[in-house]
C-alpha cells in the first residue's frame, strides 16, 4: 500500500485576500509596541492589505484570551495573532498570567477553529524581552505573523481539498 503525502499550506504563505486580527497587550508597552510593528511588517510584506488588519488593544496578557475569543466569534478573521510580554518578577504572578494566557489562547483556537498564534514573550528579565522583540534572539511579533499566515493558508487549502479516493469499506 502506497502512502500519499499531500502538503497543505506553505512556510512562505501569501496573505492576499486574508483578513487578520491582532490582539495586543498594553502591559510592557515598549516591548509590545515593537512586537506589533514587527507583526504588521510581516503581514504587509506578505501581501496582507492594511485595511484587512484589525488591532484590538487590551490591558495585559491575562485579557488576551477573552479578546481573541470575541474576535474569533465574529467570523471575520482567517487568523488571529496575540502579542504581549510577561516578565518574571519576584512573585509567582508571572506563572499565573503566562499560564492562563497560553491555555486560554490555545482553547480559543481549538474551540473556534480559527488559527491563533502565540506572540507573547515570556521572559525572566526585561532585557530578554527586548532581545525577543527584534533583538539578537529574533522577533516574536514577526514570527507570530508568519505563523498566522501559514495556518490561514493551511486551513484554506484543507477546506478546499477534495478527496481523491475513498478508503474501502471494512468487512468485518
| If you check 25, 61, which single one turns out to be at pLDDT below 95, closer than 16 Å to residue 101 by Cα and buried (at least 19 other Cβ atoms within 10 Å of the Cβ)? | 61
| note | Matching residues in region 78-100 (outside any strand (DSSP E or B) and without any contact (Cβ under 8 Å) to a residue 60 or more places away in the chain) number 13
| Residue ID - farthest from the chain's Cα centre (by Cα), chosen from residues in region 117-129 that are crowded, with 20+ Cβ neighbours inside 10 Å and touching a residue at least 60 places away in the same chain (Cβ under 8 Å) | 129
| task | With respect to residue 75, determine if the residue is more than 13 Å from the chain's Cα centre (by Cα) and in a loop (DSSP other than H, G, I, E, B). | result | yes
| query | How do the pairs read when you match residues in region 39-61 that are touching a residue at least 40 places away in the same chain (Cβ under 8 Å) with residues anywhere that are surrounded by fewer than 15 Cβ atoms within 10 Å (Cβ to Cβ) and outside any helix (DSSP H, G or I), using Cβ under 7 Å and keeping only pairs 6 or more apart or on different chains? | reply | 46/14
| said: One residue is enough: does region 78-92 have a residue meeting the conditions under 16 Å from the mean Cα position of the chain (by Cα), surrounded by fewer than 23 Cβ atoms within 10 Å (Cβ to Cβ) and under 13 Å from residue 21 (Cβ atoms)? | reply: yes
| task | Please work out if residue 114 is in contact with a strand residue (DSSP E or B) (Cβ under 8 Å, 6 or more places away or on another chain), in contact (Cβ under 8 Å) with a residue 40 or more places away in the chain and part of a loop (DSSP other than H, G, I, E, B). | result | yes
| task | Take region 42-55 and flag every residue that is surrounded by 15 or more Cβ atoms within 10 Å (Cβ to Cβ) and in contact with a helix residue (DSSP H, G or I) (Cβ under 8 Å, 6 or more places away or on another chain). | result | 42, 43, 44, 46, 48, 53, 54
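The values are calculated or read from the model by the stated rules, or taken from the named source; none is laboratory data. Predicted model only: the values in this text are computed from it and were never measured. Methodologically, a virtual Cβ is constructed for each residue, glycine included, from the backbone with ideal geometry; neighbour enumeration extends over all protein chains shown.
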